[in-house]
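Chemist: The structure is given below, and queries will be raised subsequently.
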Amino acid sequence: MHQEQFKNLADEEIVKLIVHEGEPELFEVLYKRYFQKVVDKSYSFIKNKSMAEDFANDILSKAYEKLPGFKGNSLFSSWLYAITYNYSIDYLRVKKKLHYPNWNSENEIPDIPDESETDLEEMSYDNLLKILEMIHPEEKALLLMKYQDNLPGKAIAQTLRISEDAVKMRLKRARTRVIYLYQTQLEKD
């Protein structure tokens, strides 16, 4: 089967062909579509290009193995990015021993009385990138899943293996931390 004729199909249609029609070679179309995006997302967490490429291969292999479990309740890209976030965060948890509850209690932030004056959407891209490097990887992942990938709370909860209420609480805390860091670290620049 020539894969060129399938390159214009939607991701979800390709997944159906792979899983239900026994066309595993079509995964190469998805692989080519998403390899660099997965590398970039992994790199944003681990800051090592070579390792990010290895991660992308591992993540895409894992995604292929899990394809029968893809229910189509979300876009394939959202599902794949959830796997990417999990893989990257799990690596950082082990390597850097970054347990979020411990990290959060060690990095308390004061209440911000005028939080409403600073909006994440109004920050410059460069400043936002600087701040995202200052926060915990789980908070960074939360913000990226919510605002970049537009994932619903339920999908974020499943990805991070926490409750939807915990997602809401941590999302609010992450936004507050970003605003606090912006106000104290970058706004004066």
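Chemist: Considering only residues that are farther than 18 Å from residue 53 by Cα, exposed (fewer than 14 other Cβ atoms within 10 Å of the Cβ) and under 25 Å from the mean Cα position of the chain (by Cα), which ones fall in the range 9-43?
Modeler: Within the range 9-43, 10, 13 meet the criteria.
Chemist: Here is a list: 30, 60. Which entry is over 30 Å from residue 135 (Cα atoms), of a type outside the set (Lys, Arg) and modelled with pLDDT of 95 or more?
Modeler: Exactly one of 30, 60 is over 30 Å from residue 135 (Cα atoms), of a type outside the set (Lys, Arg) and modelled with pLDDT of 95 or more, namely 30.
Chemist: Is there any pair linking a residue in the range 84-104 that is at pLDDT 85 or above to one that is among the polar types (S, T, N, Q), with Cβ under 6 Å and at least six apart or on different chains, and which?
Modeler: If the second residue must be among the polar types (S, T, N, Q), the pairs left are 85/159; 86/159; 88/42.
Chemist: What are the residues in the range 162-173 that are without any contact (Cβ under 8 Å) to a residue 12 or more places away in the chain and of a type outside the set (Ser, Thr, Tyr), if any?
Modeler: Once the filter is applied, which keeps residues that are without any contact (Cβ under 8 Å) to a residue 12 or more places away in the chain and of a type outside the set (Ser, Thr, Tyr), the range 162-173 yields 162, 164, 165, 166, 169, 172.
Chemist: Which of the residues spanning the range 119-169 are buried (at least 20 other Cβ atoms within 10 Å of the Cβ), in contact with a helix residue (DSSP H, G or I) (Cβ under 6 Å, 6 or more places away or on another chain) and not in a loop (DSSP other than H, G, I, E, B)?
Modeler: 131, 137, 138, 139, 140, 141, 142, 143, 145, 156, 159, 167
Chemist: Report every pair of residues separated by at least 6 positions or lying on different chains whose Cβ atoms are under 7 Å apart, first residue within the range 131-142 and outside the structural domain of residue 156 (by TED's automatic domain parsing) and under 10 Å from residue 177 (Cα atoms), second surrounded by fewer than 20 Cβ atoms within 10 Å (Cβ to Cβ) and of a type in the set (Val, Ile, Thr).
Modeler: none
Chemist: Only residues that are among the charged types (D, E, K, R) and part of a helix (DSSP H, G or I): list them for the range 31-89, please.
Modeler: Of everything in the range 31-89, those that are among the charged types (D, E, K, R) and part of a helix (DSSP H, G or I) turn out to be 32, 33, 37, 40, 41, 49, 53, 54, 58, 62, 65, 66.
Chemist: So residue 140 fits all but one of (1) at pLDDT below 85; (2) farther than 20 Å from residue 73 by Cβ; (3) not small (Gly, Ala, Ser); what number is the exception?
Modeler: (1)
Chemist: Does the range 166-186 contain any residue that is under 15 Å from the mean Cα position of the chain (by Cα) and under 19 Å from residue 87 (Cα atoms)?
Modeler: Checked against the condition, which is being under 15 Å from the mean Cα position of the chain (by Cα) and under 19 Å from residue 87 (Cα atoms), the range 166-186 yields at least one hit.
The values are calculated or read from the model by the stated rules, or taken from the named source; none is laboratory data. This is a predicted model, so every value here is computed, not measured. Cβ coordinates were reconstructed from backbone atoms using ideal geometry, including for glycine residues, and neighbour counts include every protein chain displayed.
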